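These notes concern the structure reproduced below.
Quick note: the coordinates plus some simple rules give every number you see, no bench work behind them. None of the values given here were measured: they were computed from a predicted structure.
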Amino acid sequence: MPIIAPSILAADFLHLSDACKIVNESSADWFHLDVMDGRFVPSISYGMSFIKQLKKEGKKYFDVHLMILEPEKYAAEFKDSGADGLTVHLEACPNLHRNIQQIKSLGMNAGVAINPHSPIFLLKDIIGDIELVNVMSVNPGFGGQTFIPHSIQKIKDLKSLILASGSSAKIEVDGGVSLDNAKEILDAGADVLVAGHAVFGSPNPKDTIRKFKNM
Ligand code: DX5
Ligand code: ZN
């Protein structure tokens, strides 16, 4: 069964405790939390104080996706705010190996996110050191975008790289994931589905999560 990670970015920010309840009571596995700095990506979302508040009610794994420059400045604060896994962007980190070591030394699972234009082979020398790869299937910065079809080939390439290297990294797919394309994404090799609008924009989010889980 896939790991399902609803993205809180698509929840109603006036009723975050309802969103926590939905995820807690559903068959979802993780909370997916998107942090945007207005520099690496065009938009600004929320930061560590927001996540710390959510952690009081969110009872599942906190998967924090940093779309920010210089994540090393904030990694310890994200740990303190309740992050269980911290994902940084390949494109934002000139010293990516150092970022990974820092995240692990803080006691979190380390992930690397890769933008639609970046080829999978750039992960070759880091794949053995990380627990997660986030394959961005939209350009990061906004929820509610359309899935980029070429991502399917990237998931397959990544699966081959993981098998060839003996890495235990999970493949997470993030952006434009829906009940219509989830099966194809999972067949290509994905382990984790992030879904924002498909979950919180649906009439019955818990039921939608159940459908994703049973794909
Ligand atoms: C986009 C974020 C995504 C976003 C996904 O930059 O990384 O996690 O919340 O939202 P949907 O599922 O609506 O595309
Ligand atoms: Zn994300």
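Three principal axis extents describe the C-alpha atoms of the range 89-172; from largest down they are 36, 29, 20 Å.
Karplus-derived 3J(HN,Hα) values for the range 121-132, using 6.51 cos²θ - 1.76 cosθ + 1.60 with θ = phi - 60°, are 4, 5, 8, 3, 8, 10, 4, x, 9, 10, 9, 8 Hz; glycine and proline are entered as x. With N as its number of residues, the range 147-198 has a Cα radius of gyration that, divided by 2.2 N^0.38 Å, comes to 1.11.
Among VAL199, VAL41, VAL173, the largest mean-square fluctuation in a Gaussian network model of the chain, built with springs joining Cα atoms closer than 10 Å, belongs to VAL41.
Specify whether the C-alpha gyration tensor of the range 15-116 places it in the rounded, prolate or oblate class, a ≥ b ≥ c being the square roots of the eigenvalues: rounded for a/c under 1.5, otherwise prolate if a/b is larger than b/c and oblate if not. Verdict is prolate for the range 15-116. The convex hull around the C-alpha trace of the chain, projected and averaged over every direction, spans 10.4 square nanometres.
Based on DSSP, what percent of beta bridges with both residues in the chain are antiparallel, to the nearest 5? Looking only at bridges with both residues in the chain, the antiparallel portion is about 5 percent. Helix-derived [θ] at 222 nm for the chain: sum -39500 (n - 2.57) over DSSP H runs of at least 4, divide by residue count, nearest 500? Taken over the chain, the calculation gives -9500 deg cm²/dmol. Considering only ILE127, ILE185, ILE148, the mean-square fluctuation computed in a Gaussian network model of the chain, springs between alpha carbons under 10 angstrom, is largest for ILE148. DSSP beta bridges confined to the range 1-117 are antiparallel in about 5 percent of cases. When the chain is treated as a GNM with alpha-carbon contacts under 10 Å, the residue of ASN115, ASN204, ASN24 showing the greatest mean-square fluctuation is ASN204. Around the amide H of SER43, modelled in the peptide plane, lie the amide H atoms of GLY38, all under 5 Å away and 5 or more residues distant in sequence or on another chain. Evaluating 6.51 cos²θ - 1.76 cosθ + 1.60 at θ = phi - 60° for every residue in the range 98-114, the Karplus couplings come out as 5, 4, 4, 4, 4, 4, 5, 5, 7, x, 10, 6, 9, x, 10, 9, 10 Hz, glycine and proline recorded as x.
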